[in-house]
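Student: Attaching a single structure in structure tokens format; questions to follow.
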Amino acid sequence: MSWINQLSGLLQTYQDGQTRPDGVTGHFDQVARAAPPDDLAEGLSAAFRSDQTPPFAQMVSQLFGASDNNQRAGLLNTLLAGAGGSGLLKQLASAAGRPAGNQIDPELAGNIPLETVQQAAEQAEKQDPSIIDRVSQIYAKNPTLFNILGTTALSLAMQQMARRRSV
């Protein structure tokens, strides 16, 4: 039985587009455990792009703050690839008090201030809006971090997954 069949009743409650703060964290966790990462990433992308949630860059800095140093490095290197550049790498390394290398390693990532991450995310999004999809793929691998963004973001992600699967 597919994940969608197992959770069709639950997802159907989100299909109409109304957020449901009661129990949404538990519902999201249940779906996140069952859904394939690509489906989950699509839901996360919808939440990042919504006008009902804070800007993408702000949400990314929140997620960065809750991530471990390996996840932080992965996120920063993804943003660097999206922003295309050494200028951003120098900015990030400088914020951490280090010389710029080719990539951000976990140790360096642990020293980057949240404000700098937010600025890097803003810059990356301006240069390449598809960066949202790549960041969503990162957090689809560890969706429990997404819970810190609150019930609206979780509800929007659930709505997108429900609509995509046409429960």
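The values are calculated or read from the model by the stated rules, or taken from the named source; none is laboratory data. Nothing here was measured: the structure is a model prediction, and the numbers come from that model. No Cβ is skipped: glycine too gets one built from the backbone with ideal geometry, and neighbour counts run over all protein chains shown.
Student: What is the one condition in (1) without any contact (Cβ under 8 Å) to a residue 24 or more places away in the chain; (2) farther than 21 Å from ALA121 by Cα that ALA34 does not satisfy?
Tutor: Of (1) without any contact (Cβ under 8 Å) to a residue 24 or more places away in the chain; (2) farther than 21 Å from ALA121 by Cα, only one is false for ALA34: (1).
Student: Could you go through the range 44-59 and let me know if any residue there is closer than 26 Å to GLN119 by Cβ, assigned to a helix (DSSP H, G or I) and of a type in the set (D, E, K, R).
Tutor: yes
Student: What is the one condition in (1) without any contact (Cβ under 8 Å) to a residue 60 or more places away in the chain; (2) over 10 Å from the mean Cα position of the chain (by Cα) that MET158 does not satisfy?
Tutor: Exception for MET158: condition (1).
Student: Residues of the range 104-124 being surrounded by fewer than 17 Cβ atoms within 10 Å (Cβ to Cβ) and closer than 20 Å to PRO54 by Cβ, which ones?
Tutor: Within the range 104-124, PRO113, LEU114, GLU115 meet the criteria.
Student: Next up: Can you tell me which residue in the range 74-93 is modelled with the lowest pLDDT, limited to those that are among the small types (Gly, Ala, Ser) and surrounded by fewer than 13 Cβ atoms within 10 Å (Cβ to Cβ)?
Tutor: Within the range 74-93, the match that is modelled with the lowest pLDDT is SER86.
Student: Take residues that are under 25 Å from THR25 (Cα atoms) and in contact with a Leu (Cβ under 8 Å, 6 or more places away or on another chain) and tell me which of the helices (runs of 4 or more DSSP H) falling wholly in the range 101-150 contain 3 or more.
Tutor: 131-140
Student: Out of all the residues in the range 108-167, which are basic (Lys, Arg) and under 30 Å from TRP3 (Cβ atoms)?
Tutor: Once the filter is applied, which keeps residues that are basic (Lys, Arg) and under 30 Å from TRP3 (Cβ atoms), the range 108-167 yields ARG134, LYS141, ARG163, ARG164, ARG165.
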